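To start, the structure itself, in structure tokens.
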Amino acid sequence: MLAFIGGGNMASAVIGGLLRQGLPASQVEVVEPFEPARGRLRQQFGIQALEAAGPALARAGLVVWAVKPQTFRDAAAQARPHLGAALHLSVAAGIRTDSMGAWLGSERIVRAMPNTPALVGQGMTGLFARPGVSAADRALVERVIATTGESLWVDGEQQLDAVTALSGSGPAYVFLFLEAMAQAGAEMGLPREQALRLAIGTFAGASSLARDAQEPPEVLRERVTSKGGTTYAAITSLQQDGVPAQFVKALHAARRRAAELGDEFGAA
């Protein structure tokens, strides 16, 4: 059995993916304190959704922690008396595995940093495993995360702060650029709906091209930037305004905040 502590969007993305791949709904249980969320989970997936942790958790081979960082410690305290020797997978932002280990009394912990495209099966998730996690445990986590998109393992837990800054927060950066492109298109005379469609299609296509290409992004950029052309004018304007450097600075700010969250909510 798989148990989920917390039934929000990320838990729903994983549950939906697992059920689509054939996992019986009877093998999934969710602990979710809010009745409207429990009702939605029951209606959408036909799974058991409970208000609080109970003895049934002892049957879980994998427990997925999908709670807010500030509630993790209390949720762990409530669930711990009912947990067996389960593998733990956390998608809670910022909470470090040493804190989880202290709260849960376990070394079989994997920490994940997913992103919101997981909701449409195109997520990118960074993973870190404690030494107590076996190869079989890793394989199980990979199968579960595969329902939401791609994943990669990092060697050091502090690297997850960088993952958070790049891919965890990354969709918001894309949305920001999409907003700007749609605004510019509207200012240049296109209907805003058309401008947004053009922007979204361009991001999707360029991302696919970058994924499949053998060359790095800078080479791909240079190939479409003829000196004196329209792309050259735009790129030169961005560089003169310091946009690339400011963007790198912004990601460093996100990484620092990710580390701060671990200090703020993760003290054992």
Just give me the residues in segment 16-63 being more than 27 Å from L104 (Cα to Cα) and in contact (Cβ under 8 Å) with a residue 40 or more places away in the chain, in sequence order. R20, Q21
Have a look at R108, R59 and point out the one that is touching a strand residue (DSSP E or B) at 6+ places or on another chain (Cβ under 9 Å) and farther than 20 Å from G7 by Cβ. R108
Identify, from the list G17, G105, the residue that is on the phi > 0 side of the Ramachandran plot and touching a helix residue (DSSP H, G or I) at 6+ places or on another chain (Cβ under 7 Å). G105
Screening A13, A52 for residues that are exposed (fewer than 14 other Cβ atoms within 10 Å of the Cβ) and assigned by TED's automatic domain parsing to the domain that holds A86 leaves only A52
Can you tell me which residue among E157, E187 is out of contact with any Cys (no Cβ under 6 Å at 6 or more places or on another chain), of a type in the set (D, E) and over 28 Å from D263 (Cα atoms)? E187
Among the numbered criteria (1) within 23 Å of G168 (Cα to Cα); (2) assigned to a helix (DSSP H, G or I), which one does A56 miss? (1)
Has segment 59-78 got at least one residue that is among the hydrophobic types (A, V, I, L, M, F, W, C), touching a helix residue (DSSP H, G or I) at 6+ places or on another chain (Cβ under 6 Å) and surrounded by fewer than 22 Cβ atoms within 10 Å (Cβ to Cβ)? no
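Residue by residue, here is whether (1) at pLDDT 95 or above; (2) over 26 Å from A258 (Cβ atoms) holds:
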residue: A3; (1), (2): yes, yes
residue: M10; (1), (2): no, no
residue: L18; (1), (2): no, yes
residue: G22; (1), (2): no, yes
residue: Q48; (1), (2): no, yes
residue: G54; (1), (2): no, yes
residue: R59; (1), (2): no, yes
residue: F72; (1), (2): no, no
residue: H82; (1), (2): no, yes
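The values are calculated or read from the model by the stated rules, or taken from the named source; none is laboratory data. Owing to the predicted nature of the structure, the values given are computational and were not obtained by experimental measurement. Note that each Cβ is placed from the backbone with ideal geometry, even for glycine, and that neighbours are counted across all protein chains shown.
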